[in-house]
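Please read the structure below before turning to the comments.
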Amino acid sequence: GKSSIKVFSHPCPLFVPLVEEGWLTKEVTYRIAEEYLSPLKKEKIDVLLLGCTHYPLLKTVIHKVVGEEVTIIDSASETVKEVKRLLEEKNLLRENRISPRHLFYVSDAPEKFQSLSKHFLGSDYKKIAPIHLKSF
């Protein structure tokens, strides 16, 4: 039989710089989300798949704009679950009880990376070193 599923795709390019600036709940973020998501709201969507790693950080704003009745799926976390399942299936998952030491090299604005690391990585990392790509 025919499927009753309708799929809509809608780019939201300004979401990335908003997240990278840390403007996760500013008024301008809500206004841009309203502008981007209004065509999807008019279609009365019931599921919204976030297709970019930046977008889950705007989940609060997105939910407020599209409504709590819309199920939001974070493609990044779903991908992680699938990769973990595959690693377990192949006995390749390493379960290490020792906490790793992290050192991040960034090509631009280490202080900005540090402030955003809480949102992106779930922790406030202190060991961040600038790297100059011209030296390679």
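Look at (1) farther than 20 Å from T25 by Cβ; (2) part of a loop (DSSP other than H, G, I, E, B); (3) among the β-branched types (V, I, T) and you find that T79 fails only one, number (2).
With respect to A109, determine if the residue is surrounded by fewer than 15 Cβ atoms within 10 Å (Cβ to Cβ), more than 28 Å from S4 (Cβ to Cβ) and touching a Phe, Trp or Tyr at 6+ places or on another chain (Cβ under 6 Å). Can you show your working first?
Values: surrounded by fewer than 15 Cβ atoms within 10 Å (Cβ to Cβ): yes; more than 28 Å from S4 (Cβ to Cβ): yes; touching a Phe, Trp or Tyr at 6+ places or on another chain (Cβ under 6 Å): no.
The answer is no for A109.
Which one is nearest to the chain's Cα centre (by Cα) among residues in the stretch 6-37 that are closer than 14 Å to L48 by Cβ and of a type in the set (A, V, I, L, M)? Per the stated criteria, the residue is A33.
H102 meets each of the listed conditions (1) outside the structural domain of L121 (by TED's automatic domain parsing); (2) assigned to a loop (DSSP other than H, G, I, E, B); (3) modelled with pLDDT under 95 apart from (1). Candidates in the stretch 1-50 are the residues that are in a loop (DSSP other than H, G, I, E, B) and of a type in the set (F, W, Y); of these, the one that is farthest from H119 (Cα to Cα) is F8.
When every residue of the stretch 3-10 is checked against the conditions, at least one turns out to be surrounded by 13 or more Cβ atoms within 10 Å (Cβ to Cβ) and free of Cβ contacts under 8 Å to residues at least 60 places away in the same chain.
Restricting the search to the stretch 103-136, which residues are of a type outside the set (A, V, I, L, M, F, W, C) and touching a Ser or Thr at 6+ places or on another chain (Cβ under 8 Å)? Break it down into steps so the answer makes sense when it comes.
Going through the stretch 103-136, the residues of a type outside the set (A, V, I, L, M, F, W, C) turn out to be 105, 107-108, 110-112, 114-115, 117-119, 122-127, 130, 132, 134-135.
Answer for the stretch 103-136, where residues must be of a type outside the set (A, V, I, L, M, F, W, C) and touching a Ser or Thr at 6+ places or on another chain (Cβ under 8 Å): S117, S123, D124, Y125, P130, H132.
Within the stretch 112-136, the set of residues being modelled with pLDDT of 80 or more, surrounded by 10 or more Cβ atoms within 10 Å (Cβ to Cβ), in contact with a Leu (Cβ under 9 Å, 6 or more places away or on another chain) and not in a loop (DSSP other than H, G, I, E, B) comprises just one member, I128.
Would you tally the residues in the stretch 35-73 being acidic (D, E) and within 13 Å of P11 (Cα to Cα)? Write out each step before concluding.
Here is the first cut: in the stretch 35-73, the ones acidic (D, E) are 35, 43, 46, 68-69.
Next, from what is left, pick out any that are within 13 Å of P11 (Cα to Cα): 35.
Count: 1.
The values are calculated or read from the model by the stated rules, or taken from the named source; none is laboratory data. As the structure is a prediction and not an experimental result, all values here were calculated from the model. So basically every Cβ, Gly included, is an ideal-geometry build from the backbone, and we count neighbours across all protein chains shown.
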